[in-house]
Every structure is written in C-alpha cells, then in structure tokens.
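Since the structure comes first, as structure tokens, the remarks are kept for the end.
The values are calculated or read from the model by the stated rules, or taken from the named source; none is laboratory data. Here the structure is a predicted model, which means the values were calculated and not measured. FYI the Cβ positions are ideal-geometry reconstructions off the backbone, even for glycines, and counts take in every protein chain you see. For accessibility, only protein heavy atoms count, side chains too; no ligands or nucleic acids. Shrake-Rupley method; radii C 1.70, N 1.55, O 1.52, S 1.80 Å.
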Amino acid sequence: MTFTCPDIPDHEGFAAPVLPTGEPAPSASAFTKTFVGYQAACSCGWTDQRRFPATPEGTKEAEYRWWSRHAAPLLAAAPPAELVTRSNLLCERIVTLAAERPLAALTLLSQMEGWQRTLLEHAVAGAREAGASWAQVGAAMGISKQSAHERFSAHVSA
Ligand SMILES: [Zn+2]
C-alpha cells in the first residue's frame, strides 16, 4: 500500500520491508518473505532510519512516519496543485498578451507587481508568526536564508 498527496505529486510513501541485511526494500511491491521490520520510505528516495516491527501495526507506524517526517514538511511549502496550474496558465496568457498588445501586458504586470509585493510580505510575516525559520522562508522562495532575512526582516516583526 502506498500513500500520496495531490499537492506533492512526486512523493509516494510506503512502508518498506527491511531486509535481513538492514537495507530497506526499494519499493513496497518488492516484497520479500524474509524481512525483519518496516521502515518509512518514499518514491523520491527518502528513507527514515527508525525501524518498526514486521507486523500490520508496524506498517501503519512506518506510514505515519512518512507523513509526519517527510510529507507534512514538504506539504507546508507546496502550493495547491490547482493554483500552480492557474498560475502557469496566467503566465502563458501574459506572454501571449505581451506579444499582441505589449502596453496592455505592461499595465497588467504593473498591477500584479503592486499586489504581489504586498502579498509576499504578508505571507512572510505569516510564516514567521507560525514559527518558520528564515531558512524555511528562503527555501520556500528558492533563495538563501540570508537573502530572505535581508529582504524581509525590516517588513516583518521577529
Ligand atoms: Zn519523497
């Protein structure tokens, strides 16, 4: 059995049977009769070191471990797939608009720049208030923690 979440489509969690060598099996379907327990694992290659018993309860514990240690932190920084799709579509439409009516695209992009900056500062403040570190804020934006701090620390408290 595997676990997925639509907003992190590249991650499929599973309870990997641990082989007698101590290595987790490469996938949930690579079942072996001789295994000594379960470890949480993910299709992206992530594995957890903690071993759970070779019982049905052990699989549940490993699956919860995948969720709590791997999926939940990723999900915290993953925008809803539906909004990513809309954002990509908007970008494509603006590229077309810029080719056909560049002044109209300029007007629209200037309006977006105004609310984008405000929303960005609001989101950074919200993340900081929720306990996110500058490293986490930077990682969510694809920049370093130093860059995130330099850019936003004057705009948010704490
Ligand atoms: Zn993963």
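Kindly indicate whether residue 107 is more than 16 Å from the ligand (Cβ to nearest atom) and farther than 30 Å from residue 133 by Cα.
yes
Considering only residues that are among the aromatic types (Phe, Trp, Tyr) and within 16 Å of the ligand (Cβ to nearest atom), which ones fall in the stretch 34-56?
46
For the stretch 71-86: of the residues being part of a helix (DSSP H, G or I) and open to solvent by 70 Å² or more (accessible area, probe 1.4 Å), which is modelled with the highest pLDDT?
86
For the stretch 8-25, which residues satisfy the criterion of being outside any strand (DSSP E or B), within 13 Å of the ligand (Cβ to nearest atom) and either over 21 Å from the mean Cα position of the chain (by Cα) or surrounded by fewer than 17 Cβ atoms within 10 Å (Cβ to Cβ) (or both)?
The answer is 9, 10.
Here is a list of conditions, (1) free of Cβ contacts under 8 Å to residues at least 60 places away in the same chain; (2) within 30 Å of residue 126 (Cα to Cα); (3) of a type in the set (Val, Ile, Thr), and residue 55 meets all of them except one; can you say which number that is?
(2)
Residue by residue, here is whether (1) more than 26 Å from residue 128 (Cβ to Cβ); (2) at pLDDT 90 or above; (3) outside the structural domain of residue 133 (by TED's automatic domain parsing); (4) open to solvent by 50 Å² or more (accessible area, probe 1.4 Å) holds:
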site: 45; (1), (2), (3), (4): yes, yes, yes, yes
site: 48; (1), (2), (3), (4): yes, yes, yes, no
site: 52; (1), (2), (3), (4): yes, yes, yes, no
site: 66; (1), (2), (3), (4): yes, yes, yes, no
site: 69; (1), (2), (3), (4): no, yes, yes, yes
site: 88; (1), (2), (3), (4): yes, yes, no, yes
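Here's a check for you: in the stretch 90-117, which residue that is among the aliphatic types (A, V, I, L, M) and over 28 Å from residue 139 (Cβ atoms) is most open to solvent (accessible area, probe 1.4 Å)?
Here the residue is 103.
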